[in-house]
Amino acid sequence: MPEKLPTSTPRPRRSRITKRSVWLADGVARSLITLGGIGTILAVSLVCVFLVWVVLPLFRPAASRVASEVEVPASDLLRVVRAGVDEYRSIGWMVREDGRLITCQIGTGQVLQEVELFSGRRPTAWSFSDGDGIEVATAFADGTVQLGRIVFLTSFLDAQDVPEEVHSLAAGEIRPFGDAVFELTPEGQYRRQQLLVRFEDPVQVVESEPLVLVDQSISSRGAIFAVLTASGELHVAQVTKKKNLLTGKETTRLREGWLNVDLPQGRLPQYLRLAGLGDAVYLVWEDGRLVRFDTRNIERPVWAEELDLVEELSERVTALTMLVGKTSLVCGDSLGRVRVWFRTKPDGANTPDGGTLVAAHELSRGGAAVTGLAASARSRLLAVGQADGRLRLFHVTSDRQLCEVSFAGGTAELSAVSIAPQDDGLLGLAGPRLAFWRVDAPHPETTWASVFARVWYEGYNEPEHAWQSSSGTDDFEEKYGLVPLVFGTLKATLYSMLFGAPIALLAAIYSSEFLRPGTKAKIKPTIEMMASLPSVVLGFLAALVVAPLVEEIVPQTLTALFTIPFAILLGGHLWQLLPAKVAVQAQILRLGGILLTLPVGLLLAAWLGRPVERWLFAGDIKAWLDGQIGSGLGGWMLMLLPVSSIATAALVSLLVTPRLRAWGGHWSRPRFALLDLAKFLLGCALTLGLAYAASAALAAAGWDPRGSFIDTYVQRNALVVGFLMGFAVIPIIYTISDDALSAVPESLRAGSLGAGATPWQTAIRVVVPTAMSGLFSALMIGLGRAVGETMIVLMAAGNTAVMEWNIFNGFRTLSANIAVELPEAVINSTHYRMLFLAALTLFAITFVVNTVAELVRLRFRKRAFQL
């Protein structure tokens, strides 16, 4: 009977016992590694949480609350033409139609001061505009115009510097004394506010004819005003002042022009508005008719265009104002609609100045009639008062209603509305009732639509994506569209990866599979040291060396993109002509031969550059790119040559190569190498022929690629950035790719070579698929490096937020934008948080890309394990 085998093999006993110190060190190391991993995850997560925490207030809804609602003597509120509030929201002011200025305490309604502005003269027309205080223009029945300014002069005083009569003030209490108003602030300081009213001497515009409408604008050239007489004459005048340095006497000079306005059925318009630069005058009738006059030449104003501001016959224009800067015209009508109009300059506009008015925004689409409009003096906020007592606050750029308030105890028609100077309050008048509401809307311009969708900005011909966060003027319309920055980031990444990724991957394959180990041990550390080059150095070289150099040799540079690969492939085919014994002996010189093809390709590009420019680009590539000369043939050749080469390679590989192998399988190595060289040269000729035929056909059909991937040449462009950023990502991609390829087991290589495969076939069909997971990881890490690059893009891309795929134009990326604008954004809360939103967007893009990359990498890894 056979002997029974044991069911399990006993485990051999260890001859040594692990020391307690080893167990302790192992446990400590395991704990530190675990804590480090968890800490890294928490740190990255906290960065994301912090970014979200900073960004969320951008999209917080506005809040409002009533601060006071008081009764003011009815006699003081008759015929109010303008109302407002001081910077500290404590004093309200009103101007009556008869020329009396009244101030009152916001909290109690107590009248503080009354000022007679014109000593009994009654203006026939008023105009108010925000500037350094409130700029006022008044017209009179005797044909004169008087310009002036209303401003609050504020000073803070200690207790010993104020009169004894105001020492008893309680915190928040206001008391008039003399020609000023005193208030004790919560901080214990006395605030003195003096209402200063200054009017200049009257200016005679016409002789003894009433003026019915007036408006003024303050420009760098001085005050400009426009008036309409009772007989329909429109006068536009510019006031310039010169001061004699010797006598100190100031003389006023009036430069003016006029024309007769066509009055339908003798009806005068209800509104006159003058543009901020004084280059246009708008006359608006109650039925919605608008006539615009071109006043760029003040001495000769001309009719420009005419249109209707309302759509229905029953509609009436009930309120009209202009936004800050006096470029956009806001119209409110009897049906509760509020539209914003501004001038654009479309192609083919049949007007003297080439502009035409368009209705770009519609803020309110129905309800009670609009009774009052008030624009902010510092932003695009607009207050809309309606006949049912509602007062609504809008932000024009974002088409967003921020809040809605109304008087307590029912409806009351609003007769005057105003926005506080700091955009933190609303003032409303309804009969004898005065109300003030506190408003908290720190970021009214930011919505998801205004950040990531097209917005119709003032002066633009159509809605666009745009980023422009600051300007040199107070009436600037901030543009916070992040799409151009995201686009620029993707564009920089695309072109840098197109240049760097193929070179890095092919270099890794060559050094891992074909390079001698001794040579690789010297070359790989050298390439890895390239990663230590500061990006600011690469950006400096790109901006001051590479970009000017490439600008001088554009045709040679473009030709080199094709001659260098041609020279490398030609060198490989010439190497095959060597006898087998000589080729083996000269293997050590193979790398030098490859490096030698680079100057050959450059010399070939330098030789062919000018002929190519004459053949494809009409002799001047920059003028051709700008669309001044030539057809689209050259551009199609640039774009179709890579496609044609791929098509030719596929055609030769599928149809020609198998037949040549069957036909010349018994040939000697030199003879077959000659045949392979002939095949390569004929393939190059076929590539050029296919590309030229397709390009000629597309050009003959009238299709021109200029305006897409190729367009006007700018010195600092995506081509330069792609070249230099490629050098920044090559070391990372190369190192990780080489490590991944070297990690493939030698048994797979030996098996493939033993089965008769060539080293190239082994590398491409066995090693690369097995290492695909690592190769993909290398690409993703290089992609992350390109996405986050700052200094190279900042210095070499022009830093312009344009959305063009044109390889010869610049762009702006998220990271470069953050680096440039962070110092100035600290003083602007919205700008500051928008940069954090840009950082969060960059974070999200990188996270999504890396997540998708990891999923793909895991799929490749699973396939590699199956292999």
- Ser737 under 22 Å from Phe847 (Cα atoms), open to solvent by 20 Å² or more (accessible area, probe 1.4 Å) and not β-branched (Val, Ile, Thr): no
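For the range 158-198, what are the residues that are within 30 Å of Ile224 (Cα to Cα) and either basic (Lys, Arg) or open to solvent by 50 Å² or more (accessible area, probe 1.4 Å) (or both)?
Taking the range 158-198 as the starting set, the residues that turn out to be within 30 Å of Ile224 (Cα to Cα) are 193-198.
Hit for the range 158-198 is Arg198, nothing else.
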- Query: Could you list, in sequence order, the residues of the range 508-535 that are open to solvent by 70 Å² or more (accessible area, probe 1.4 Å) and under 25 Å from Gln715 (Cβ atoms)?
  - Reply: Leu533
- Which of the following residues is at pLDDT below 90 and surrounded by fewer than 10 Cβ atoms within 10 Å (Cβ to Cβ): Pro73, Pro6? Pro6
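Filter the range 343-359 down to the residues that are farther than 13 Å from Leu309 by Cβ and in a strand (DSSP E or B), then identify the one that is farthest from the chain's Cα centre (by Cα). Explain how you work it out, then say what you get.
Of the residues in the range 343-359, the ones farther than 13 Å from Leu309 by Cβ are 343-356.
From what is left, the residues that are in a strand (DSSP E or B) are 343-344, 356.
On the way: Arg343: 22, Thr344: 20, Thr356: 26 Å.
Restricting to residues being farther than 13 Å from Leu309 by Cβ and in a strand (DSSP E or B), the top hit is Thr356.
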- Task: Name every residue in the range 410-427 that is outside any loop (DSSP other than H, G, I, E, B) and either at pLDDT 90 or above or on the phi > 0 side of the Ramachandran plot (or both), in order of residue number.
- Result: Val417, Ser418, Ile419, Gly425, Leu426, Leu427
- Message: If I filter the range 360-400 down to residues being hydrophobic (A, V, I, L, M, F, W, C) and not in a strand (DSSP E or B), which single residue comes out as nearest to Lys326 (Cα to Cα)?
- Response: Ala377
- helices (runs of 4 or more DSSP H) lying entirely in the range 779-867 (those with 2 or more residues that are within 30 Å of Leu625 (Cα to Cα) and modelled with pLDDT under 80): 791-796, 814-825
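Looking for something of a type in the set (Gly, Ala, Ser) and in contact (Cβ under 8 Å) with a residue 60 or more places away in the chain - is there at least one such residue anywhere in the range 87-106? Don't jump to the end; show me each part of the working.
Here is the first cut: in the range 87-106, the ones of a type in the set (Gly, Ala, Ser) are 90, 92, 99.
Narrowing the set further to residues that are in contact (Cβ under 8 Å) with a residue 60 or more places away in the chain leaves 90, 92.
Yes, some residue in the range 87-106 is of a type in the set (Gly, Ala, Ser) and in contact (Cβ under 8 Å) with a residue 60 or more places away in the chain.
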- Which members of the range 126-146 meet the condition of being in a strand (DSSP E or B), open to solvent by less than 60 Å² (accessible area, probe 1.4 Å) and in contact with a Pro (Cβ under 9 Å, 6 or more places away or on another chain)? Thr138, Ala139, Thr144, Val145, Gln146
- Query: Which condition number does Val151 fail, the rest of (1) out of contact with any Leu (no Cβ under 6 Å at 6 or more places or on another chain); (2) open to solvent by 10 Å² or more (accessible area, probe 1.4 Å); (3) not in a loop (DSSP other than H, G, I, E, B) being met?
  - Reply: (1)
- Message: Can you tell me which residue is nearest to the chain's Cα centre (by Cα) among those in the range 312-323 that are open to solvent by 20 Å² or more (accessible area, probe 1.4 Å) and modelled with pLDDT under 90?
- Response: Glu312
- Message: Which pairs turn up if I take residues in the range 538-555 that are in contact (Cβ under 8 Å) with a residue 12 or more places away in the chain and look for partners that are surrounded by fewer than 17 Cβ atoms within 10 Å (Cβ to Cβ) and charged (D, E, K, R) with beta carbon separation below 8 Å, at least 6 apart in sequence or on another chain?
- Response: Val554/Lys622; Pro555/Arg610
- Query: Just checking, which of Leu290, Leu309, Leu283, Leu329 is open to solvent by less than 10 Å² (accessible area, probe 1.4 Å) and touching a Cys at 6+ places or on another chain (Cβ under 7 Å)?
  - Reply: Leu309
- Pairs under 6 Å by beta carbon, first residue farther than 17 Å from His395 by Cβ in the range 453-466, partner assigned to a strand (DSSP E or B), six or more apart or different chains? Asn461/Thr344
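Let's see how each residue does on (1) within 19 Å of Trp285 (Cα to Cα); (2) more than 45 Å from the chain's Cα centre (by Cα); (3) not aromatic (Phe, Trp, Tyr):
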| position | (1), (2), (3) |
| --- | --- |
| Gln193 | no, no, yes |
| Pro202 | no, yes, yes |
| Ser219 | no, no, yes |
| Ser231 | yes, yes, yes |
| Val239 | no, no, yes |
- Would you please name the residue that is farthest from Leu840 (Cα to Cα), looking only at residues in the range 27-58 that are open to solvent by 70 Å² or more (accessible area, probe 1.4 Å) and of a type outside the set (A, V, I, L, M, F, W, C)? Arg30
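Can you find, within the range 748-765, the residue that is least open to solvent (accessible area, probe 1.4 Å) among those that are of a type outside the set (Gly, Ala, Ser) and more than 15 Å from Leu506 (Cα to Cα)? Don't jump to the end; show me each part of the working.
Within the range 748-765, the subset of a type outside the set (Gly, Ala, Ser) is 748-749, 753, 758-762, 764-765.
Imposing the further condition that a residue be more than 15 Å from Leu506 (Cα to Cα) reduces the set to 748-749, 753, 758.
Details: Leu748: 64, Arg749: 22, Leu753: 86, Thr758: 64 Å².
Looking at residues that are of a type outside the set (Gly, Ala, Ser) and more than 15 Å from Leu506 (Cα to Cα), I get Arg749.
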- Note on Asp440: of the conditions (1) in contact with a Pro (Cβ under 8 Å, 6 or more places away or on another chain); (2) surrounded by fewer than 16 Cβ atoms within 10 Å (Cβ to Cβ), unmet is (1)
- Note on the structure: Of those in the range 697-719 that are assigned to a helix (DSSP H, G or I) and within 22 Å of the chain's Cα centre (by Cα), the residue nearest to Trp805 (Cα to Cα) is Ala718
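The values are calculated or read from the model by the stated rules, or taken from the named source; none is laboratory data. The structure displayed is predicted, hence computed values, not measured ones. Quick reminder, even Gly has a Cβ in these numbers, built from the backbone with ideal geometry, and neighbours come from all protein chains shown. To get the accessible areas, we keep the full protein, side chains included, count just its heavy atoms, and leave off ligands, DNA and RNA. Shrake-Rupley method; radii C 1.70, N 1.55, O 1.52, S 1.80 Å.
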